[in-house]
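Data first, discussion second: the structure below is written as structure tokens.
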Amino acid sequence: MKKIRVMLVDDHDVVRSGLKSLLSMDTEIEIVGEAANGADAIEKIPEYNPEVIVMDISMPTMDGMEATRRISAKYPECLVLSLTVHEDKQYFFEMLAAGAKGYITKQAAAEELVSAIKAVASGHVYLQPALARWLLEDYNRINKGAVASGEALTSADLETLSKRELQILELVAEGLTTPEIGRRLDLSPKTVSRHRERIMNKLNLHSATELVKFAIRTGLIEVH
């Protein structure tokens, strides 16, 4: 049976040691490497070739958010799962916008971390249920303001987008950069940028973070 290749990135040796012991108990997971910060992780990716990177956020030298942005751009096949002490809405949305495929806190049960790794490795987005409420709150907040002006965002808004725009929106929500989207769809970066601008204008959105939120709310990308 093929195991999920996992790299652990955390600046505390004792945390990495504990995670390694915990995750190694699962027969479907193999810990292939460790790193003490984001820069260290990026340097070691070619050596370890991980499928899933369990990434802390607050680390010296290079934090997990910047590392996730760079990994998503350079190694899109490496899927980042954020494991952090930050039960914070801003970190939550910014990590998703940076390209993380999941977000879970260190207060979560061990079984939930294992489930999160397996979900991310299977191509899903995993959000700790206790934190996923932020998506609903954000959805309600945006819709309440939008309803007042007759502009509520729902899945019906997807119908305003062309097939190509839907493809690009999905790839943006998955954390791919403009050059990566261009390579994936055989388009120039300039063409991708024009499509992104039209998407944002049609949906009245103003950032990659808002695009991620919209894609999750409307079910364009799957969340577990």
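The values are calculated or read from the model by the stated rules, or taken from the named source; none is laboratory data. All figures in this text were calculated on a predicted structure; none of them were measured in a lab. Here the Cβ is made from the backbone with ideal geometry for all residues, glycine too, and neighbour counts use every protein chain on show.
Residues that are more than 14 Å from residue 177 (Cα to Cα) and out of contact with any helix residue (DSSP H, G or I) (no Cβ under 9 Å at 6 or more places or on another chain) within segment 72-106 comprise 85, 88, 90, listed in sequence order. Scanning segment 18-59 for residues that are among the hydrophobic types (A, V, I, L, M, F, W, C) and not in a helix (DSSP H, G or I) turns up 25, 29, 31, 32, 35, 36, 52, 53, 54, 55, 57, 59.
Summed over segment 33-44, the residues that are surrounded by 20 or more Cβ atoms within 10 Å (Cβ to Cβ) and under 14 Å from residue 72 (Cα atoms) give a count of 3. Looking across 154, 191, 177, 160, one residue alone is at pLDDT 85 or above and among the polar types (S, T, N, Q). It is 191.
One line per residue, one yes/no per condition, for (1) over 14 Å from residue 9 (Cβ atoms); (2) free of Cβ contacts under 8 Å to residues at least 60 places away in the same chain; (3) hydroxyl-bearing (Ser, Thr, Tyr):
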| position | (1), (2), (3) |
| --- | --- |
| 26 | yes, no, no |
| 30 | yes, yes, no |
| 37 | no, yes, no |
| 66 | no, yes, no |
| 71 | no, yes, no |
| 74 | yes, yes, no |
| 88 | yes, yes, no |
| 103 | yes, yes, yes |
| 118 | yes, no, no |
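Touching a helix residue (DSSP H, G or I) at 6+ places or on another chain (Cβ under 8 Å), within 27 Å of residue 128 (Cβ to Cβ) and at pLDDT 80 or above: is that true of residue 185 in this structure? Considered against the rule, which asks whether it is touching a helix residue (DSSP H, G or I) at 6+ places or on another chain (Cβ under 8 Å), within 27 Å of residue 128 (Cβ to Cβ) and at pLDDT 80 or above, residue 185 comes out as no.
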